[in-house]
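What follows is a single structure, written as structure tokens, with notes after it.
Just so it is clear, none of the values below were taken in a lab; they were calculated from the coordinates. Not measured: the values here are computed from a predicted model. When we count neighbours, we look across all protein chains shown, and the Cβ atoms used for this are built from the backbone with ideal geometry, even at glycine.
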Amino acid sequence: MNARQIYLLVSAVGIIPIALSYGLVPQASLNFLFGVDVPAPNGVHIFRAVMGLYLALAAFWFVGFRSVAVRQAAIWSAVVFMLGLAAGRVLSLLVDGPANWLLEFYLLLEVVFGGIGVLMLTRHD
């Protein structure tokens, strides 16, 4: 296993619990974690769609972990995902102020994993 594979594997495994916390039972988990009330059915629908997006990307990263043919694309998608989330969180911090500590920790992880992904793009299998 090389560094690019490890990056994709850790990214995929790491995003799954976050995806599930957003969409499996969003009324309970988001209220518990962040004090956010999720109205049914529209709020639940939105968070389950977000969960689906996260899980789809995790699945693609697993494919990239296993297949050299899509590894570069999988890393690109991870970088865009991580840095895109980080950019949105930074904008929210600037406009809305501080968030829950866990969301700010997610920002740190997204910047770190996005940066590592950029480094992985320069590596070859």
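Evaluate the charge dipole of the stretch 3-121 about its Cα centre and quote only its size in Debye, nearest 20, assuming +1 on the Cβ of each Lys and Arg and -1 on the Cβ of each Asp and Glu.
460
Taking every pair of distinct Cα atoms and averaging 1/r, then inverting, what Kirkwood hydrodynamic radius in Å comes out for the stretch 9-125?
15.1
Compute the distance in nm between two label points, each set 7 Å from the Cα along the Cα-to-Cβ direction, one at Ser92 and one at Val68.
4.0
With each label point set 7 Å from Cα along the Cα-Cβ vector, what nm distance links Leu20 and Ile6?
Output for this residue pair reads 2.5 nm.
Restricting to Cα pairs below 8 Å that are 6+ residues apart, what does the relative contact order work out to for the chain? Please round to a whole percent.
So the answer I get is 30 percent.
Please name whichever of Gly88, Ala99, Leu121 sits farthest to the positive end of the charge dipole of the chain, dipole taken about the Cα centre and charges placed at Cβ: Lys and Arg +1, Asp and Glu -1.
About the Cα centre, the residue reaching furthest to the positive side is Leu121.
With the crude spin-label approximation of a point 7 Å out along Cα→Cβ, what separation in nm comes out for Ala59 versus Val118?
Distance between the two pseudo-spin positions: 3.1 nm.
Can you list the DSSP H helices in the chain whose Cα atoms extend at least 15 Å along the helix axis and whose mean Kyte-Doolittle hydropathy is -0.5 or higher?
3-23, 42-66, 68-96, 101-121
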